[in-house]
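I have a structure I would like to understand better, so I am pasting it below and will then ask my questions one at a time.
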Amino acid sequence: MGSEGFRIRGFRSDDLNRVMTINFECLPENYSSYFYRDLYRRFPKTFLVAEVDGDVQGYIMCRIERGLSKLHSFRPTRLCHVVSIAVREPYRRRGIASALLREAMRNGSAEYRATECFLEVRVSNEPAIRLYEKLGFSKVRRSPGYYMDGEDAWVMAVPIVEKA
Ligand code: ACO
Ligand code: ZN
């Protein structure tokens, strides 16, 4: 536990209901329990939760993908795709999402050799866009009508810099 009063740890199977509840509360993009379990089975090191006083208040889940770099044309790259991140409203603005993202990127690099991280975010989601820009992400492309309700997404990406 840091001085900030939260702790980042790996997701466990018994966190599933809690994580699904947080996702429902925070985002219109929701998933089946199978979807969460499958991501956890394949990429456990980049599925993390944040605990405050022993209760989970936020999560991040990622998929490691092979594809072309979003930042350099035509360069085959191992990508850490942030599928979903959320922090419950009363626990925002204390660095929890930043810590979840940093740890997921560190593990994506160390455990799965990802060299770039990317995600999609609603063009209207200013808090999230600010968060990603603060962590060094840049907008690489606008994806028209990406969301079910027709809203566009920004695709944002950042190189993962390995630290000794
Ligand atoms: N307004 C302006 N800037 C903000 C805001 C805000 N409401 N929230 C975060 N930021 C920026 C600030 O620069 C902040 O640093 P500061 O507090 O020192 O000014 C920085 O981001 C870091 O903020 P954190 O405290 O680390 O972020 P937090 O734990 O509050 O979580 C999150 C941010 C995840 C976006 C949260 O607001 C949330 O859960 N929102 C609803 C769900 C959501 O939109 N998730 C992202 C969807 S896209 C995807 O999942 C790939
Ligand atoms: Zn995505």
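The values are calculated or read from the model by the stated rules, or taken from the named source; none is laboratory data. Values in this document were obtained by computation on a predicted structure and should not be read as measured data. As a convention, Cβ positions derive from the backbone with ideal geometry for all residues, glycine included, and neighbour counts pool all protein chains shown. Protein only, heavy atoms only, side chains kept; ligands, DNA and RNA dropped before computing areas. Shrake-Rupley method; radii C 1.70, N 1.55, O 1.52, S 1.80 Å.
May I ask you to list the trypsin sites (Lys or Arg not before Pro) in region 75-164 that are in a DSSP loop and have at most 12 other Cβ atoms within 10 Å of their Cβ?
R93, R113, K163
Name the lysines eligible as straight-distance cross-link partners of K163: C-alpha to C-alpha under 19 Å, and not fewer than 8 places from it in the same chain.
Reachable lysines: K45, K134.
To continue, here is another question. Roughly what would the spin-label model give for Y112 and R94, points 7 Å off Cα along C-beta, in nm?
If labels sit at Y112 and R94, their model points lie 2.9 nm apart.
Give me Rg over Rh for region 97-164, both radii from the alpha carbons and Rh done the Kirkwood way, two decimal places. Mind showing how you got there, number by number?
Values: Rg = 12.9 Å, Rh = 12.7 Å.
That ratio is 1.02, to two decimals.
So, with +1 on the Cβ of K and R and -1 on the Cβ of D and E, and no other charges, what is the size of the charge dipole of region 7-159 about its Cα centre, to the nearest 20 debye?
Charge dipole, region 7-159, about its Cα centre: 660 debye, nearest 20.
What is the local net charge at P28, summed over the other residues whose Cβ is closer than 12 Å to its Cβ (Lys, Arg +1; Asp, Glu -1)?
Around P28, the charge tally is -3.
Using a probe radius of 1.4 Å on heavy atoms only, what accessible surface per residue do you get for the chain? Whole Å² is fine.
So the chain comes to 56 Å² accessible per residue, rounded to a whole number.
Under a point spin-label approximation (7 Å from Cα along Cα-to-Cβ), what is the S13-Y146 distance to one decimal in nm?
3.3
To continue, here is another question. In debye, nearest 20, what is the charge dipole magnitude of region 19-93 about its Cα centre with +1 on Lys and Arg Cβ and -1 on Asp and Glu Cβ, if you could check?
For region 19-93, the charge dipole is close to 580 debye.
Same structure, new question: Once you sort the root eigenvalues of the Cα gyration tensor of region 61-146 as a ≥ b ≥ c, which label holds: rounded (a/c under 1.5), prolate (a/b larger than b/c) or oblate (the other case)? Don't jump to the answer; show the numbers that get you there.
Values: a/c = 2.14, a/b = 1.30, b/c = 1.65.
In terms of gyration-tensor shape, oblate.
Remind me, relative contact order of the chain in percent, using alpha carbon pairs under 8 angstrom and six or more residues apart?
About 19 percent, as a whole number.
Right, here's the next one. If you average the sequence gap of Cα pairs under 8 Å that are 6 or more apart and divide by the length of region 1-65, what percent do you get for the contact order?
Taking the mean separation of contacting Cα pairs over the length of region 1-65, I get 39 percent.
Would you kindly give the portion of the calculated P(r) for the chain that falls above 21 Å, as a percent of all Cα pairs?
Roughly 45 percent, rounded to a whole number.
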